[in-house]
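The structure appears right after this line, and notes come after that.
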Amino acid sequence: MKVIVTKSYEESCRAAANEIITQVQKKPESKLGLATGGTAEQVYPFLVDAYKEGKVDFSRITTVNLDEYIGMDPDSLQSYRSYMACRFFGPAGIDAANTYVPSGRNKAEDEIQLFNEKLYEDKMVDLQLLGVGVSGHIGFNEPGEKLTAGVHIEKLDESTIAANSRFFDSPDDVPKEAITMGIGDIMKAEKIVLIATGENKVPVMKALLTDDEITCKIPATMLKMHRDATIVIDAELAKAAGYQN
């Protein structure tokens with residue numbers, strides 16, 4: 001793994017955005033795997049700024065998002081479709097027809113089939129952007145005795161529900177299941193860029209960056225086996241996790 005240590009979370013977001021910008025500059029028809037959530041949120045303004053400044057053209061890319069809550073209406077403000085439309089697709093001039101965010105309202109078997117079609121049609125994901133949960137989940141692949149390779153419906157960990165409750169009126173409103181890429185899907189991306197920040201991510205980053213174990217109980221540790229994974233963290237998190245360049 002390549003590890004980029006920055007001075008701040010803002011610089012981490014800029015560094016992650018630069019990885020995406022470089023990918024699209026080299027390959028304008030890139031297929032991007034995209035993430036939502038609080039950590040990845042501040043990556044998108046840097047992409048939009050680069051687009052507006054004429055540094056990168058996103059008109060030829062295609063995108064596939066990692067996941068979506070089961071039961072979530074795509075038109076809801078809490079949906080990941082709305083998240084992406086507001087933060088990236090609209091401001092960066094990306095045609096919605098070239099994007100895929102799974103629907104949480106469709107019949108599960110039908111959406112899993114469609115998800116697989118979008119994920120694997122034409123070409124593999126060139127670059128997958130990831131955040132990481134306090135439980136160590138990537139996508140919504142929660143810790144357990146085993147992990148699922150392909151697209152599936154995942155029951156969310158209590159720590160994930162608690163962490164995501166800030167986006168809803170109350171914890172009771174947070175969906176309890178999600179449709180998500182599997183670990184195998186994520187690992188098939190040509191390149192992975194993961195961004196992390198915050199003291200609540202220290203145990204996960206320690207497991208990923210300083211410990212030798214690869215375990216289903218911390219799904220992010222699977223990235224140790226990827227051929228081209230870049231981890232972007234700020235100096236405060238790196239120090240707390242015991243990581244040294």
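Taking label points 7 Å from Cα along the Cα-to-Cβ direction, Arg227 and Ile214 give a separation of 1.4 nm. Taking 0.36 nm per residue of sequence separation and removing the Cα-Cα distance, the Ala97/Glu109 pair yields an extension gain of 2.1 nm.
Rounded to the nearest Hz, the phi-derived 3J(HN,Hα) couplings of region 131-145 under the Karplus curve 6.51 cos²θ - 1.76 cosθ + 1.60 (θ = phi - 60°) are x, 8, x, 4, 7, x, 6, 10, x, 10, 7, 7, x, x, 6, where x marks glycine and proline.
Residues whose amide H comes within less than 5 Å of that of Glu68, counting only those at least five positions distant or on another chain, are Ile179 (H built at 1.01 Å from N in the peptide plane). Taking every alpha-carbon pair under 8 Å whose residues sit at least 6 apart, the chain reaches a relative contact order of 26 percent.
From the protein chains alone at 1.4 Å, what is the descending order of accessible area for Met222, Met181, largest first?
Listed by decreasing accessible area, they come as Met222, Met181.
Only protein heavy atoms count here; on that basis, with a 1.4 Å probe, Arg87 has an accessible area of about 80 Å².
Charged side chains reduced to their Cβ positions (Lys and Arg at +1, Asp and Glu at -1) give the chain a dipole of some 740 debye around its Cα centre. Rounded to the nearest whole Hz, the Karplus-based 3J(HN,Hα) values (6.51 cos²θ - 1.76 cosθ + 1.60, θ = phi - 60°) of region 106-120 follow the sequence 7, 4, 3, 5, 5, 6, 4, 5, 5, 4, 4, 4, 5, 6, 10, with x at glycine and proline.
Remark: the Phe168-Met1 segment gains 56.6 nm on full extension, using 0.36 nm per residue and subtracting the alpha carbon distance. Near Ile4, the amide H atoms lying under 5 Å from its own belong to Ile231, Val232, Ile233; only residues 5 or more places off or on other chains count, and H is placed 1.01 Å from N. Taking amide hydrogens as placed 1.01 Å from N in the peptide plane, the amide H of Ala35 sits under 5 Å from those of Leu129, each at least 5 positions away in sequence or on another chain.
Using Cβ point charges alone (K and R +1, D and E -1), the dipole size of region 107-245 about the Cα centre works out to roughly 440 debye.
What FRET efficiency comes out for Lys206 versus Leu77 if R0 is 41 angstrom and r is the Cβ-Cβ distance? Round to the nearest 0.05. Rounded to the nearest 0.05, the efficiency is 0.70. The relative contact order of region 2-63, computed from alpha carbon pairs under 8 Å that lie at least 6 residues apart in sequence, is 44 percent. Rg and Dmax of region 115-245, based on Cα coordinates, read 14.9, 42 Å.
Largest first, how would Glu190, Glu19, Glu145 line up by accessible area (1.4 Å probe)?
Reading off the accessible areas and sorting them downward yields Glu145, Glu190, Glu19.
Only helices enter this figure: runs of n ≥ 4 DSSP H residues, each worth -39500 (n - 2.57), summed and divided by the residues of the chain, yield -8500 deg cm²/dmol at 222 nm to the nearest 500.
What whole-number distance in Å separates the alpha-carbon centres of region 159-193 and region 198-245? Cα centroid of region 159-193 versus Cα centroid of region 198-245: 18 Å apart.
The values are calculated or read from the model by the stated rules, or taken from the named source; none is laboratory data. Quantities reported herein were computed from a predicted structural model and do not represent experimental measurements. All Cβ positions, even for glycine, are placed from backbone atoms using ideal geometry, and neighbour counts span all protein chains on display. The area values use the complete protein model at the heavy-atom level, side chains included, leaving out ligands, DNA and RNA. Shrake-Rupley method; radii C 1.70, N 1.55, O 1.52, S 1.80 Å.
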